[in-house]
Amino acid sequence: MREDVFLQRKDFFVLDALRCLRHDNSQNQCSKCINICDFDAIVVFKKKITLKSELCTNCGECIGSCPTESLSLESFDITNFVLEFVQKDTNTVTDGLDIPTLAMLDVHHIVSMIIRKKSNLEFIATSQTKEKIIKYISDKIDTANLFLEQIKSGYKAQLVVQSTSSDIKKRGLLKNIFSITKDIKQDINASTHLKKAQKFVPPKVTLFKNSLKLIADELEVDTINTVKGLIANKKIDFQTCTNCGECAHFCPTQALFRTSDNDGIYFQSGKCIGCGVCKMVCEPNAITSPSTVELNRFMFDQADLLVQYEYRPCVECKTAFAYKGTSDLCDRCGTYKNDFEDMFTMAKDI
Ligand code: SF4
Ligand code: SF4
């Protein structure tokens with residue numbers, strides 16, 4: 001496989017198509033990056049997300065929106081930024097000065113910064129920050145605060161919109177830093193990358209869990225409401241599920257996985273990115289999203305057994321089938337019996 005098929009670049013901006021939710025599942029409709037890009041630089045081509053490098057401006061405004069972290073700036077690692085920020089003696093993050101764009105941040109980063117800093121934080125939008133980005137970061141901050149309130153952290157994030165134009169010079173400064181530190185890695189081995197990218201838990205999820213572990217002893221609550229885009233939970237209805245395994249097969253992070261003998265399906269909330277792929281591929285609609293989740297199970301990656309099957313031979317055809325405590329017939333013989341009974345009743349009526 002050619003590297004440029006899945007690692008698409010514009011200077012130091014990289015779209016890793018292999019990690020994109022649309023890579024394995026052409027039916028997936030995720031288009032968060034497309035919606036935020038002002039330059040139409042990201043398009044769907046042959047059902048895959050594709051970078052039009054001639055239109056990309058390296059702005060990085062799509063980065064925080066990607067649930068799988070398929071998008072990045074090679075010269076600016078967002079996880080490192082968070083870890084370095086918490087060591088600094090400041091409680092503000094200014095758009096275009098401290099970070100190329102506030103839109104590189106997701107809720108996971110904001111919550112992690114506050115938990116690790118143990119203080120309120122201000123995210124400063126300047127006169128050059130686009131309205132769209134202000135709306136984006138404002139929504140992320142609201143979601144972060146919703147979570148911080150639930151765990152009774154006592155701290156919150158705030159968006160400050162500055163209307164001065166004195167930041168123009170600062171933006172120029174940032175641009176210079178970028179041109180100096182630009183270091184494009186051209187030597188990534190395609191097959192190594194392919195292995196690494198499969199079933200990948202995004203770094204922002206790991207960062208968030210590790211941040212929670214730091215305050216695990218101080219947490220007064222364990223069961224909290226799920227928060228869209230941050231922390232999710234799943235349940236499978238035993239009677240509806242056919243144990244086809246499609247959900248586990250398509251789950252991009254292995255949050256849903258099957259037992260080695262394929263008799264059951266487990267779920268790890270700590271790996272779920274809430275992408276909705278499992279619900280989309282489940283034909284009988286057996287998957288639901290409970291409204292609460294246990295924080296301890298989430299942060300320590302504990303797995304819940306959602307369904308477990310006992311296989312029995314069908315009393316008619318002797319083929320092994322997933323017994324659900326009701327019928328002794330497999331699905332095929334059960335359907336045949338129902339159809340036959342209908343025909344028999346109809347014949348009697350005639
Ligand atoms: S469990 Fe479902 S929603 Fe969660 S990551 Fe897997 S496919 Fe996405
Ligand atoms: S939950 Fe749905 S997709 Fe998953 S094994 Fe059951 S029927 Fe198949």
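The values are calculated or read from the model by the stated rules, or taken from the named source; none is laboratory data. Note that the structure is predicted; figures quoted are calculated from it, not measured. When we count neighbours, we look across all protein chains shown, and the Cβ atoms used for this are built from the backbone with ideal geometry, even at glycine.
Matching residues to (1) modelled with pLDDT of 90 or more; (2) among the β-branched types (V, I, T); (3) within 16 Å of the chain's Cα centre (by Cα); (4) closer than 27 Å to V277 by Cα:
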site: R9; (1), (2), (3), (4): no, no, no, yes
site: N25; (1), (2), (3), (4): no, no, yes, yes
site: I42; (1), (2), (3), (4): yes, yes, no, yes
site: K52; (1), (2), (3), (4): yes, no, no, yes
site: T57; (1), (2), (3), (4): no, yes, no, no
site: G60; (1), (2), (3), (4): no, no, no, yes
site: S65; (1), (2), (3), (4): yes, no, yes, yes
site: V86; (1), (2), (3), (4): yes, yes, no, no
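Summed over the stretch 229-257, residues that are among the β-branched types (V, I, T) and surrounded by 18 or more Cβ atoms within 10 Å (Cβ to Cβ) total 3. Scanning the stretch 229-247 for residues that are more than 14 Å from ligand 2 (Cβ to nearest atom) and at pLDDT below 95 yields one hit, G229. Pairing residues of the stretch 257-282 that are over 15 Å from Q302 (Cβ atoms) with residues that are within 11 Å of ligand 2 (Cβ to nearest atom) and part of a loop (DSSP other than H, G, I, E, B), at Cβ distances under 6 Å and at least 6 apart in sequence or on separate chains, gives R258/G245; D263/Y309; C278/C251. Tallying residues that are within 16 Å of ligand 2 (Cβ to nearest atom) and assigned to a loop (DSSP other than H, G, I, E, B) within the stretch 279-300 yields 7. On inspection, I134 passes the criterion of being part of a helix (DSSP H, G or I) and either not assigned by TED's automatic domain parsing to the domain that holds K228 or not small (G, A, S) (or both).
Checked against (1) surrounded by fewer than 14 Cβ atoms within 10 Å (Cβ to Cβ); (2) touching a Pro at 6+ places or on another chain (Cβ under 7 Å); (3) modelled with pLDDT of 90 or more; (4) not hydroxyl-bearing (S, T, Y), A320 passes all but condition (3).
Being modelled with pLDDT of 95 or more and among the aliphatic types (A, V, I, L, M) is the filter here, so list the residues in the stretch 196-218 that pass it. Listed by number, the residues that qualify are V205, L207, L212, L214, I215, A216. Counting only strands (runs of 3 or more DSSP E) that sit wholly inside the stretch 1-115, those with at least 2 residues that are free of Cβ contacts under 8 Å to residues at least 12 places away in the same chain and at negative phi are 42-45.
Of all the criteria given as (1) farther than 24 Å from K32 by Cβ; (2) surrounded by 13 or more Cβ atoms within 10 Å (Cβ to Cβ); (3) in contact with a Ser or Thr (Cβ under 6 Å, 6 or more places away or on another chain), the one not satisfied by K337 is (3). When the stretch 97-124 is limited to residues that are crowded, with 22+ Cβ neighbours inside 10 Å and among the small types (G, A, S), the one that is modelled with the lowest pLDDT turns out to be A103.
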